[in-house]
1. Could you list, in sequence order, the residues of the range 129-165 that are small (Gly, Ala, Ser) and closer than 30 Å to residue 111 by Cα?
2. Take the residues of the range 142-165 that are more than 30 Å from residue 100 (Cβ to Cβ) and aliphatic (A, V, I, L, M): which is nearest to the chain's Cα centre (by Cα)?
3. Could you look through the range 80-124, keep only residues that are of a type in the set (D, E, K, R) and within 12 Å of the chain's Cα centre (by Cα), and pick out the one that is farthest from residue 31 (Cα to Cα)?
4. Filtering the range 103-140 down to residues that are of a type in the set (Val, Ile, Thr) and without any contact (Cβ under 8 Å) to a residue 40 or more places away in the chain, which residue is farthest from residue 10 (Cα to Cα)?
5. Evaluate the range 84-96: report whether one residue or more is part of a helix (DSSP H, G or I), closer than 18 Å to residue 42 by Cα, touching a Ser or Thr at 6+ places or on another chain (Cβ under 7 Å) and not aromatic (Phe, Trp, Tyr).
6. Determine, yes or no, whether residue 49 is in contact with a helix residue (DSSP H, G or I) (Cβ under 7 Å, 6 or more places away or on another chain) and more than 18 Å from residue 19 (Cα to Cα).
7. Give the residues of the range 20-59 that are acidic (Asp, Glu) and touching a strand residue (DSSP E or B) at 6+ places or on another chain (Cβ under 9 Å), sorted by residue number.
Amino acid sequence: MNKVGIIMGSTSDLPVMEEAMRVLDELGVSYEATVISAHRTPDSMAQYATSAISRGLSVIIAGAGGAAHLPGMTAAYTPLPVIGVPVKSSNSIDGWDSVLSILQMPAGVPVATVALDGARNAGILAAQILATSDTQLLDRIQSFKEEMKNKVVNAKSTVENHKPS
C-alpha cells in the first residue's frame with residue numbers, strides 16, 4: 001500500500017516533482033502520483049484528500065505553481081500532514097506567488113513548505129515523518145544522511161588537496 005501521495009497541478013510540474021519520487025525510491029518508500037488541479041478539478045481534489053487515509057496514505061506532497069492553492073486546499077480536506085512544493089512555472093511571478101500561496105496558510109490549516117522547486121526535500125521530509133513509526137525506514141534515512149556527510153567530507157578533502165594547473 002502506498003504511504004505517500006504525490007499530487008501536482010499539471011504535467012508541467014512533473015520534472016520538479018520527480019525529485020520527490022526519486023528520493024522516495026532511494027529510501028524504499030512507496031508512493032502514488034497523479035495530476036489534480038485545485039482550480040480546474042476541485043471535486044477530484046477534495047475526493048483525493050478525503051479518501052487518502054482509506055487508501056493507506058500517511059503523508060501528501062502537493063506541488064503547484066502560480067496561484068498555488070493545491071497544497072492548502074488539500075490540507076483543508078485531510079487531517080494528514082501535507083508538504084507543499086512551490087513550483088516556478090510558466091504562469092508564475094518568478095516563483096514568489098507559488099511560495100507565498102503555500103507558505104502563508106491560515107491558522108489551523110498548516111502546510112509544511114519546502115524551497116521553490118524543492119521536491120527532493122519534500123520527499124525526504126515525508127520519509128522522515130513516516131520514520132517516526134518505522135525503525136527500518138529510520139535506519140535507511142540515517143544511512144542516507146551518512147552518505148551525504150561522506151560526500152561533503154570527500155569534497156572537502158578534494159578541494160583542500162587541489163593544486164591549480
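The values are calculated or read from the model by the stated rules, or taken from the named source; none is laboratory data. What you see is a predicted model; the values in this text were computed from it and never measured. For neighbour counting, all protein chains shown are included, and Cβ atoms are generated from backbone atoms with ideal geometry for every residue, glycine included.
1. Residues satisfying the conditions are 131, 133, 143.
2. Ranking the qualifying residues of the range 142-165, first place goes to 152.
3. Only one residue tops the list, namely 117.
4. By that ranking, first place goes to 135.
5. no
6. Yes.
7. Across the range 20-59, the qualifying residues are 25, 32.
One line per residue, one yes/no per condition, for (1) in contact with a Leu (Cβ under 9 Å, 6 or more places away or on another chain); (2) more than 25 Å from residue 57 (Cβ to Cβ):
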site: 97; (1), (2): no, yes
site: 102; (1), (2): yes, no
site: 112; (1), (2): yes, no
site: 120; (1), (2): no, no
site: 134; (1), (2): no, no
site: 149; (1), (2): no, yes
